[in-house]
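What follows is one structure encoded as structure tokens, with my remarks underneath.
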Amino acid sequence: MTTLNAGDHLKFGIFLAPFHPVGQNPTLALERDMQLIEHLDQLGFDEAWIGEHHSAGYEIIASPEVFIAAVAQRTRHIRLGTGVSSLPYHHPFMLADRLVLLDHLTRGRLMIGVGPGALPSDAFMMGIEVAKQRDMMEESLEAILLLLAGDEPVDYETDWFKLVGARLQMRPYQRPFPEVAVAAQVSPSGPRAAGRFGCSLLSIGATSTGGFDALGLHWKVMEERSAEFGTTVDRSKWRLVGPMHLADTKEQAIADVEFGLAQWVDYFQRVAALPLAPDTTDHSSLVDALNASGFAVIGTPEDAINQISRLREQSGGFGTFLTMGHEWADTDATRHSYELMSRYVVPQFQGSASSLTASRDWAAENRPAFIGAAGSAIMSAIQKHAEEKEAKSAKV
């Protein structure tokens, strides 16, 4: 079965691969990542998802669990997810055991994101056939969910891992266990697995042309598989990812991203093999192409509101919008972009500003009556004081 998103309280967060251009100090880049999540925690963002990659030089976090353990000590409220753990790269028992430990270390702020692995170069180095990764992910996911549930010892055998009477010695901090989300791009393999096991869906390519077009289909697959296997899927736990950079004016936003946009696009065109925009060296043309395609928002909070509204209409409703982390702009401009998101975009989808506007308008409309009553009260107090004084003088 499926439950529906209430539609009036969208959550917000970041999907942090992360992306750092080669040729810079990786230690400082990782420190910036942690500082950014601290900043988002202070701004009231709900979630941060951390990626796992092992090659190609740009996405430099090899273990989201280790990164989450570190950044959890520097934050207070924001929930932290593996975004995602590449299941074919790990023995499911060892990964499940680490995640349970991390659930305790974060006092229940952990979310578990899973996927088959995004970079073919990672799989190549480990001798994993790319064609088998999705099947391997589903096998591992089933084993991990059995281990996390902990009801019975687990016996499970595939051609790449084996469990014999396996059980985790420590139960998760969250009960029955942390939320588990399955990554999806364009193919239906993510929603098929999520629907089968009753997991959440993490649509990483929601704003790409193929990913955007597939949103409605993906949720239909979720519901069909959920009905087939007797599980529950929930739109309020569906997360959509898209890149944005906001500034006070569109002109400023365009100027900001001259810092790093071209390098980021070049990485996807030449290394990650995911063409996102025309091959051009002209900055304005590149920005125009990304904005026009609907893939990115480089503009103002109003443009961000329009993009999220567009995603809501296309998807039929979802629960969390995750900004794809990047370094299109320098640190100060990037932080300001998230401040604008928190200040002006988030309230539009949470209803947190409308009641304030209504209260101000009500007070303004009734100001003459309120001022008149206040003036009368003041004059009455003055008169009362004078009368009391006069009465005291008369007694003397």
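The table below lists the values:
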{"quantity": "Single unsatisfied condition, Asp8 versus (1) among the acidic types (Asp, Glu); (2) over 15 Å from the mean Cα position of the chain (by Cα); (3) modelled with pLDDT of 95 or more", "calculated": "(3)"}
{"quantity": "Residue under evaluation Ile128, criteria (1) farther than 30 Å from Gln269 by Cα; (2) free of Cβ contacts under 8 Å to residues at least 60 places away in the same chain, criterion not met", "calculated": "(1)"}
{"quantity": "Residue list for the stretch 11-52, restricted to those being buried (at least 22 other Cβ atoms within 10 Å of the Cβ) and over 16 Å from the mean Cα position of the chain (by Cα)", "calculated": "His20"}
{"quantity": "Residues (out of contact with any Ser or Thr (no Cβ under 9 Å at 6 or more places or on another chain) and touching a residue at least 12 places away in the same chain (Cβ under 8 Å)) located in the stretch 47-66", "calculated": "Gly57, Tyr58, Glu59, Ile60, Ile61"}
{"quantity": "Test result for Ala304, of a type in the set (A, V, I, L, M) and buried (at least 20 other Cβ atoms within 10 Å of the Cβ)", "calculated": "yes"}
{"quantity": "Filter result (crowded, with 22+ Cβ neighbours inside 10 Å and either at pLDDT below 95 or within 27 Å of Phe161 (Cα to Cα) (or both)) within the stretch 66-94", "calculated": "Phe67, Ile68, Gly81, Thr82, Gly83, Val84, Ser85, Ser86, Leu87, Pro88, Pro92"}
{"quantity": "Some residue of the stretch 329-352 being without any contact (Cβ under 8 Å) to a residue 24 or more places away in the chain, in contact with a helix residue (DSSP H, G or I) (Cβ under 8 Å, 6 or more places away or on another chain) and among the hydrophobic types (A, V, I, L, M, F, W, C)", "calculated": "no"}
{"quantity": "From Leu163, Leu168, Leu201, residue being closer than 12 Å to Val221 by Cβ and modelled with pLDDT of 95 or more", "calculated": "Leu201"}
{"quantity": "Condition met for Asp135 (more than 23 Å from Gly319 (Cβ to Cβ), within 28 Å of the chain's Cα centre (by Cα) and acidic (Asp, Glu))", "calculated": "yes"}
{"quantity": "Any helices (runs of 4 or more DSSP H) falling wholly within the stretch 309-395 and containing at least 1 residues that are within 30 Å of Leu30 (Cβ to Cβ) and among the hydrophobic types (A, V, I, L, M, F, W, C)", "calculated": "331-340, 346-350"}
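The values are calculated or read from the model by the stated rules, or taken from the named source; none is laboratory data. No experiment lies behind these values; they were computed from the predicted model shown. Cβ: placed from backbone, ideal geometry, glycine included. Neighbour counts: every protein chain shown.
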